[in-house]
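Any read-out appearing in this document is the output of simple, stated calculations on the displayed coordinates, not a laboratory observation. If you're wondering where the values come from, they're calculated on a predicted model, not measured in any experiment. Every residue, glycine as well, gets a Cβ built from its backbone with ideal geometry; the counts of neighbours run over all protein chains shown.
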């Protein structure tokens, strides 16, 4: 029965969760506006294991949020996950960041969930899901405009979630749009997603796995 450590560092939220058999056992995160991954990630990992009287050798797999998101944040999270997998000789599981973020929304059949992660200026990273959390359009970078996502808004209620919502809510007046602001991806929603992958041995190649940046890095 898999004990899985989940790591989420794609945004400013440094988040670590512990799961077993698809159930959340514990969660530690720094839900702030500042990046604290380098300082807090390993402290959170140590603390969450000690609270449950576990040692790293008790873990059956490591899961990491693969992006898109912050270049630095993703690099820190993936490096930590790969280091643990190498040292413990356990598998690595990856979860698309936008997929787990969408799971924070309670939705219904016929509705849509569209997570928005801030990129820069009026651009966001986004993906679309139906009421069963099945993809309706793949991860992409989108320059926001008043008519963005109109094909879904004209059909049904659409809930937008993430730190890119503030930009879109300022220009979108569609009556079917619902906005959930100030929400960031969390390791908590990774638990159910990684359990399915663990049971089906859907693992990454630890040596070659890289974060999904979506766009090339551009220094500011």
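For region 103-126, a residue qualifies if it is assigned to a strand (DSSP E or B), in contact with a helix residue (DSSP H, G or I) (Cβ under 6 Å, 6 or more places away or on another chain) and farther than 19 Å from residue 154 by Cβ, and exactly one does: 115.
Any chance region 108-120 includes a residue that's surrounded by fewer than 16 Cβ atoms within 10 Å (Cβ to Cβ) and more than 17 Å from residue 177 (Cα to Cα)? Yes.
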